[in-house]
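Below you'll find the structure, written out as structure tokens, and then a few comments.
The values are calculated or read from the model by the stated rules, or taken from the named source; none is laboratory data. Values in this document were obtained by computation on a predicted structure and should not be read as measured data. Because the Cβ atoms are built from the backbone with ideal geometry, glycine has one as well, and the counts that use them run over all protein chains shown.
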Amino acid sequence: MAGGQEVAGGFDPHAFFSEIGGAGKRFPMPKFATAPDVRREVKQRATAIFETWTTLREVLARHEATVQRRWSKKSKAQRLQILLKAWPNMPLTHRPDFEAFRRESEPQRDAGTKYRQDYLWPYINQEDLSKPRALPLLLNARGRHFPSEFAGADADVTRFGFIAKTVVPVFLNLHTMILNGVTESNTGEYGKLISWDDNDDAFNWFHTKKQFQPGEGLLVLESQERLLRFLLECCRLILHEIPAESWVGDSFPIQPEPELKSESESTGFESLTVMAAEAPYRVPAELDLAKVESLLSARASAAEDRLWALREDPLYFYEQLLDSKEHRTEMVKDVRGRLHPSTEPLRDNIIWSRVIRLFLTEVFLQLEMYAELRQQAQAVQALQARYAAAISPMQDLPAEYMRALLKFRFTLNRAAKDILRQLQRCGAPSPPLRHLFVRNECTDVNESHMQLHSKSRVGKTKVETNLLWLLGVLWNDGDDLFLTGLANTVDELQRLLEAEPEAKRLISSHVAEVIGDLAVVTESLRQIDLYHPWARGYDNALLDLQDELAEESKKSREPWDRIRACTEAQHVARSVQLLDPFKRRFPYPVDKRRTKENVAALRQAERNLDRFWVSIDLNLRHIGGDISSTATSRVLSQNRTLQRTPEWVEAPPRAETKPSPPGPTGDLYSPLSALSLGDTSTSGIQKPTPRAKVKTKGTPNPPAETAAPELIPNPADQQPTLAVDGRALKVFRVLFFNPEVTSTPGEVAWTDFLHAMAATGFVAEKLYGSVWQFQPTRLDVDKAIQFHEPHPKGKIPFWTARRHGRRLWRAYGWVGGMFVLGK
């Protein structure tokens, strides 16, 4: 197709594309099409699509169960033989577009890529399709659902190729192509070309991307035509003994649609990695705001629990500080093989001060970020329910609802950038990766701005090269990430970590947690971007709101800035002196038998930790100003208590032994240093006061002054008895360790922890990084909770299991005595 003579109004497409970049610059020069040429190609491709799809649908209606059964019984070599006959020269590996992008330089891509099919059909590859489930899923989706249902998804697939300038659609101005919303009753509308002069709505459909630019639409039709031919040929090869002319008819009656075994039925849990890998082979998913709200609510609760644990557990606090120190740039050797001077024993108070300042900032701002995201997710969910009756694919979304979606997406993108900066700070300096990097030389002990560079002379394995490329794309947050897309890159990183043990060993537990946070935000963004047809128009719609949303965000984050200011060096100096972590004032023998000496050590560590947090809270009160609207203030204002070790009492004679208090470990309960109440005492002992439960789920943007406080269960409250098997009971006796019941604390295998949670009615879903989400199904509280899988070993140490038990107590009121051995 050539020529642009049909474009009207004096528009010169050659001049336009030359002005915005031209060939070889930002945009490659497209071929120019005419409306008659486009209509001829549409008619040819649409006719082929519907003929093939109709046949495929009829075949599957009669033989899908046979196809699935035969495919599942074939070896990988037999599957590959069929795939390569149906699609010769099929790429070898998963995401061949990523591989092609890395293989070709930009000038080579500009001159004309050799890998166009890799960019147009990245899900057609030997690695993925040779697995048992992928082809049956693809056959079922494409054969039993009308092609228009996939138009938006097929256009999205080409985005990487379009931005990389390897898939270049033809250009036809002043026209819109209709693909969305077409049904089997009006197939003649599929691919219909409408001039803006002939239809007043055509330009709006084009501008909001409810419908398609003609060149983009032709790529969708090309993709669908080739794919459907491939699937029909696969059926022919699998049903090789049945002549094609006998596929349909009375000889083979229509059968019920077969069901493929789900991932959870096979493994016992859902996996976000598997769902992402299978997404191209399924019917495009729809927006699931309930899932988004659940993910973000669970992560926000985890951020609150972290703040709680850091105030309550000296061992956890000290471990977190050590972990933060080990992931700092100062720990990487310079070009002369030397560490930063601040790490020297006589000067390490400098690096510890930096560690504590950054650590506190991240703890507080993560709490704020996830609380804001949770609130916005709830607000958007409420608006979706309010306008449900008014939402139509052919109409614009209600203005209030669309604005809330755009604001939520804007905030998610800002959160993703915050996490990417955190990954940049801690990724390369992490202990498993730092040997591959070198720091610039620095002799000034006060120098804190340092750069890392990849060692050029260090030989890297293929896995190391792939891992560093993906991590670099993320933490550099530049052109490559714009090209590959955040969701695609996170998916590919997680796939590599699960497929290659070497890659998993190169990721520290701290970095795995950051990747998990990135995955939660990325999955939320992915869900918002599934909202077709409106999702395709988000970027255009955001242009008019960008400045307004940025100003709103800046204003809403002003209290965050005041919290951040409280962690500046001059304000935390006294707190650091109180803590004095570099002199190891936090020995905490919680896993040792309770003796007079051990109890004294436990109580001393708890007093030291309390003094540190009282100092930080004073900073927040006197320096932070009005932070009453923040999540930090709400958490510190709640009626919470800390579990503290009681004073040592010599054991009375056995006959006079009294039962221990009913808490998780028989500990005492001390009030949290309360920011809003002005209570800085930690010496008093009190039991938490039970409160009535108030549900606020689904209420958008509840005002801070009326938000119900989080409810902490009273350990004396009667809990229902849960009968579990011996394997689960052993887990809960470690999580809620009581020396009167279990003589020795132990570690817990992660698989046993999964089993125990499943035994009490939780559905587990593996997210990315080390994060798992557990959704209760048999509890009164519909509140998910997240835990991190231990890394690199698959066992939970006792002190971590103890914290898991306390989180379950705070979330659901669980105590050790409620679990009994079932029959």
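Apart from one condition, Gly822 fits all of (1) touching a strand residue (DSSP E or B) at 6+ places or on another chain (Cβ under 6 Å); (2) crowded, with 18+ Cβ neighbours inside 10 Å; the exception is (2).
Restricting attention to the range 340-375, report how many residues are within 23 Å of the chain's Cα centre (by Cα) and touching a residue at least 40 places away in the same chain (Cβ under 8 Å).
Going residue by residue through the range 340-375, those that are within 23 Å of the chain's Cα centre (by Cα) are 359, 361-375.
Filter again for touching a residue at least 40 places away in the same chain (Cβ under 8 Å), leaving 361-375.
Of the residues in the range 340-375, 15 are within 23 Å of the chain's Cα centre (by Cα) and touching a residue at least 40 places away in the same chain (Cβ under 8 Å).
Listed by position, the helices (runs of 4 or more DSSP H) enclosed by the range 264-381 that each have at least 3 residues that are hydrophobic (A, V, I, L, M, F, W, C) and within 27 Å of Tyr588 (Cα to Cα) are 289-312, 314-326. From the list Ala487, Ala519, the lone residue that is of a type in the set (Gly, Ala, Ser) and under 30 Å from Leu321 (Cβ atoms) is Ala519.
Just checking, which of Pro169, Pro147, Pro136 is within 29 Å of Thr34 (Cα to Cα), modelled with pLDDT of 95 or more and more than 26 Å from the chain's Cα centre (by Cα)? Before the answer, list the steps.
Values: Pro169 fails: modelled with pLDDT of 95 or more; Pro136 fails: within 29 Å of Thr34 (Cα to Cα).
Residue meeting the stated conditions: Pro147.
Which count do you get for residues in the range 62-101 that are part of a helix (DSSP H, G or I) and surrounded by 12 or more Cβ atoms within 10 Å (Cβ to Cβ)? Quick ask: steps written out before the conclusion?
Applying the first criterion (part of a helix (DSSP H, G or I)) to the range 62-101 yields 62-73, 76-86, 96-101.
Okay, now just the ones that are also surrounded by 12 or more Cβ atoms within 10 Å (Cβ to Cβ), so 62-72, 78-86, 96-101.
The number of residues fulfilling the criteria is 26.
Scanning the range 201-241 for residues that are of a type in the set (Val, Ile, Thr) and more than 33 Å from the chain's Cα centre (by Cα) gives a single hit, Ile238. Applying the criterion of being crowded, with 18+ Cβ neighbours inside 10 Å, modelled with pLDDT of 85 or more and small (Gly, Ala, Ser) to the residues of the range 745-782, the residue that is nearest to Val490 (Cα to Cα) is Ser770. Output the residue which, of all residues in the range 361-420 that are of a type in the set (Lys, Arg) and touching a helix residue (DSSP H, G or I) at 6+ places or on another chain (Cβ under 6 Å), is nearest to Gly516 (Cα to Cα). Among residues in the range 361-420 that are of a type in the set (Lys, Arg) and touching a helix residue (DSSP H, G or I) at 6+ places or on another chain (Cβ under 6 Å), the one nearest to Gly516 (Cα to Cα) is Arg374.
Here's a check for you: in the range 453-481, which residue that is among the charged types (D, E, K, R) and within 27 Å of the chain's Cα centre (by Cα) is nearest to Asn413 (Cα to Cα)? Give the steps one after another, and end with the answer.
Taking the range 453-481 and keeping what is among the charged types (D, E, K, R), we get 455, 457, 460, 462, 464, 477, 479-480.
So of that shortlist, the ones also within 27 Å of the chain's Cα centre (by Cα) come out as 462, 464, 477, 479-480.
Numbers: Lys462: 31, Glu464: 28, Asp477: 12, Asp479: 16, Asp480: 17 Å.
Among residues in the range 453-481 that are among the charged types (D, E, K, R) and within 27 Å of the chain's Cα centre (by Cα), the one nearest to Asn413 (Cα to Cα) is Asp477.
Every test in (1) without any contact (Cβ under 8 Å) to a residue 40 or more places away in the chain; (2) surrounded by fewer than 13 Cβ atoms within 10 Å (Cβ to Cβ) is passed by Lys460 save one, and that test is (2).
Can you name the helices (runs of 4 or more DSSP H) wholly within the range 413-500 that have at least 1 residues being farther than 22 Å from Arg159 by Cα?
Numbers: elements: 462-476, 479-484, 486-499.
Correct list: 462-476, 486-499.
Among the residues of the range 586-624, those identified as at pLDDT 85 or above, out of contact with any Pro (no Cβ under 8 Å at 6 or more places or on another chain) and either crowded, with 21+ Cβ neighbours inside 10 Å or of a type in the set (S, T, N, Q) (or both) are Thr595, Gln604, Asp610, Phe612, Trp613, Ser615, Ile616, Asp617. When the range 317-335 is examined, which residues are found to be of a type in the set (Phe, Trp, Tyr) and under 25 Å from the mean Cα position of the chain (by Cα)? Residues satisfying the conditions do not exist here. For the range 142-176, residues that are surrounded by fewer than 19 Cβ atoms within 10 Å (Cβ to Cβ), in contact with a helix residue (DSSP H, G or I) (Cβ under 7 Å, 6 or more places away or on another chain) and in a helix (DSSP H, G or I) total 2. Residues that are within 18 Å of Asn488 (Cα to Cα), of a type in the set (Asp, Glu) and in the same structural domain as Val168 (by TED's automatic domain parsing) occur at least once in the range 85-99.
Only one entry of Trp469, Trp475 meets the criterion of being hydrophobic (A, V, I, L, M, F, W, C) and under 30 Å from Ser353 (Cβ atoms), and that entry is Trp475.
Report whether or not Ile163 is of a type in the set (Val, Ile, Thr) and either at pLDDT 95 or above or not assigned by TED's automatic domain parsing to the domain that holds Asn186 (or both). So Ile163 fails the test. Among the residues of the range 226-252, the ones that are within 16 Å of Glu51 (Cβ to Cβ) and not in a helix (DSSP H, G or I) come to 2 in all. Comparison of Val182, Val220 shows that the only residue that is β-branched (Val, Ile, Thr), crowded, with 19+ Cβ neighbours inside 10 Å, closer than 18 Å to Gln44 by Cα and at pLDDT 95 or above is Val220.
Gln255 satisfies every condition listed in (1) under 30 Å from Pro776 (Cβ atoms); (2) among the polar types (S, T, N, Q); (3) outside any helix (DSSP H, G or I) except (1). Look at (1) assigned by TED's automatic domain parsing to the domain that holds Val170; (2) not in a helix (DSSP H, G or I) and you find that Ser223 fails only one, number (2).
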